[in-house]
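The structure appears below as structure tokens.
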Amino acid sequence: MAATGSTFKSCGCRGEGGTKLGRKCPKLFRADGRWSPTHGKWNYQLEMPRHADGARRGPLRRSGYSSQADAEAEMNQARELLGIAGEDEATRIQIADLIAATIKETGRLPDPDEVRRKVRTRQDLAVTLTVAQFLAEWLAGRRGLSESSRRSYASHLKLYLVPHLGHLRLDRLGVADVDRMFDAIDELNELIIRARQTGDPDLRVQVKGRRVVGAATKQRIRATLRAALGKAIKQRMIEVNVAALVELPSGKAPKPLVWTPERITRWRRDLDTYTIEVNERRARQRGTAKGVGNKINRVDAYVGAPRPSKVMVWTPALTKCFLERAERHPWHALYYVIAFRGLRRGEGCGLRWSDVDLDAGTATVRSQFIQIGPDIFEGKPKTDAGEATISLDASTVAVLRAHKARQNTMRLAAGDAWHDAGLVFTDGTGQRLRPNEVTDQFERLSMEAGLPPVRLHDLRHGAASFLLAAGHDMKTVQETLRLSSITIAADTYTSLLPQVARKSAEDAAAIILNADAQAALTTI
């Protein structure tokens, strides 16, 4: 049943004694009894349902409209809101409560479309979540996340999503809001770059602890928001996932390139130029920026100098050069296994003797160590395919046998101080290795060997390349590196080594060059 209501005029005039006349002011009417077009303002009054406890609720009264049509329009909107409940009296009471609360807070009626959606999806009409509130609930409710994933999501929330979007109502979040967030990230990127280039102390304070957000990280930030909003859609709190509609650069991983002699020559020139530029910049900053050293550290220059691609791969000869230099280091066997069998850094650090069978020449990857800041966590391999048994070649088995003998010697020397965790690769007292230190040492050894820089993870790319160069197919690469799909192997590892491309070209040419042309002519 539609709520009963009416419109009328009133004014602020006062009679004798100062009493407000309201609807009784004679100026409100013309001589013929009709409303005066120039005096007073229009109002409406609408009957409302009782309170939940059965107590009578006063009518909804609103005033100050310039025309009767405006007053009737809002009164009809209030009727529409109450009518959303249909025959459900409990919902009708909730809508009446919402009307009163919304008018008190904003001075306006609730949006009928929003109320209709909430009633349809059985949401609490009294609760309006902000993006920040929902994101916090969403992350807290994610079960089974690895520690690294949880920290990654939390970082996206803390640094980007909550500061830029958290104050907005979840049900009113739009594509433009998300676009503005990424515009702000781009502005921060420019500020960080300017602070690095100029050394301005005020700028450095503003961006302290922050780093440039690249295309791939932007994609991950959006993926976090998209996953959260996907849950909101399932809970019928929103209807559109605006994160999925935002356009961003692809963020694809850079194409791996091989360190050819030409690229190495160019990189050495760039290293010299980069070192000079950084040292000159530091000389300019020394008077204004605290903590700026006189010259850049050799390793920092080695790692930071421009290179043809972020993902670079050594040739077999360069890889052999590194392993020969690493022979004198206690972690030589770890780098050897990564280079030959393509283990990830954390998987190598987490490998246990109980999962290695040197007689059979196999190793089973069951876990990995992940370092986030100073903390180290043990978890499952990166993908389901990552937990698998791999074959070890004879040279790798020999290296592991020698490593095990040295480890036994260290165990005897340490005595009671030895920590027996059963790990293949440990420090001098049997403690687990810190993954970041493994990377740092890899960079120092690479520099000392006079090699162009690669990331430790790029030894994994090298292992795939060597398989391809040896004539093995993508399926072998996928199984050896324990990739989730053969598509990833094909997209990442084809055409990495020049030898692979040259071999395919020579093989194709040989088909023609070795063909018996005369025999072909006799058959025509």
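The values are calculated or read from the model by the stated rules, or taken from the named source; none is laboratory data. Just so we're clear, the structure is a prediction, and the values are computed from it rather than from any experiment. We place every Cβ from the backbone using ideal geometry, glycine too, and count neighbours over all the protein chains shown. Surface areas here come from the heavy atoms of the whole protein model, side chains and all, with no ligands, DNA or RNA. Shrake-Rupley method; radii C 1.70, N 1.55, O 1.52, S 1.80 Å.
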TODO: Considering only protein heavy atoms, with the full assembly of protein chains and a 1.4 angstrom probe, order 434, 61, 401 by accessible area, largest first.
DONE: 61, 401, 434
Task: Efficiency of FRET between residue 387 and residue 103 - r from beta-carbon atoms, R0 60 angstrom, step 0.05 - done: 0.55
Open item on the list: Probe radius 1.4 Å, ligands and nucleic acids left out: which of 429, 265, 315, 4 has the largest accessible area, and how do the rest follow?
Closed with: 4, 265, 429, 315
Open item on the list: Students often check this: by mean Cβ neighbours within 10 Å, which of 229-235, 307-313 ranks highest, and how do the rest follow?
Closed with: 307-313, 229-235
Task: Sequence-distant residues sharing a close amide H with residue 431 (under 5 Å, placed H) - done: 419
TODO: Rank by packing, highest mean first: peptides 72-79, 476-483, with packing defined as the count of other Cβ atoms within 10 Å averaged across residues.
DONE: 476-483, 72-79
- [ ] Choose one of 31, 157, 428: the residue whose Cα lies farthest towards the positive end of the charge dipole of the chain (beta-carbon charges +1 Lys, Arg; -1 Asp, Glu; about the Cα centre).
- [x] 31
Open item on the list: Under a crude label model (7 Å from the Cα following the beta-carbon direction), how far is residue 179 from residue 8 in nanometres?
Closed with: 5.0 nm
- [ ] Kindly state, to the nearest 0.05, the FRET efficiency for residue 416 paired with residue 362, given R0 = 41 Å and r defined as their beta-carbon distance.
- [x] 0.80
- [ ] For the stretch 80-187, compute Rh as the Kirkwood radius over C-alpha pairs and then the Stokes-Einstein diffusion coefficient at 37 °C and 0.692 mPa s; write the answer in µm²/s, rounded to an integer.
- [x] 203 µm²/s
Open item on the list: I'm spelling it out carefully: the read-out is volume of the Cα convex hull per residue in Å³, the candidates are [x] 222; [y] 145; [z] 350, and one was derived from this structure. Which label?
Closed with: [z]
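Going down the table (255/475; 234/475; 20/118; 158/234; 208/234; 158/252), which pairs top 31 Å between alpha carbons?
Violating the 31 Å limit, Cα to Cα: 234/475; 20/118; 208/234.
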Open item on the list: Please list 432, 196, 345 from largest to smallest accessible area, probe radius 1.4 Å, with all protein chains kept in place.
Closed with: 196, 432, 345
TODO: Leaving ligands, DNA and RNA out of it, work out the accessible area of residue 186 with a 1.4 Å probe and give it in Å² to the nearest 10.
DONE: 60 Å²
Open item on the list: I'd like to compare 271-278, 155-162: which one has the highest average count of other Cβ atoms within 10 Å, and what's the full order after that?
Closed with: 155-162, 271-278
TODO: Quick one: angle between helix 175-198 and the longest Cα principal axis of the chain, in degrees between 0 and 90, rounded to 10, please.
DONE: 50 degrees
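Tally up the carbon and sulfur contribution to the accessible surface of the chain as a whole percent, 1.4 Å probe, everything protein left in place. Provide the component values of the computation, followed by the final result.
Details: 14870 of 29270 Å².
Its accessible area is 51 percent carbon and sulfur atoms.
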Open item on the list: For residue 27, give me every one of the lysines with a C-alpha distance below 20 angstrom, ignoring sequence neighbours fewer than eight places off in its own chain.
Closed with: 9, 41
Open item on the list: Along the Cα→Cβ direction, 7 angstrom out, place labels at residue 50 and residue 29. What is the inter-label distance in nm?
Closed with: 3.6 nm
Task: 5 angstrom amide H check on residue 362, placed H, neighbours 5+ away - done: 357, 392
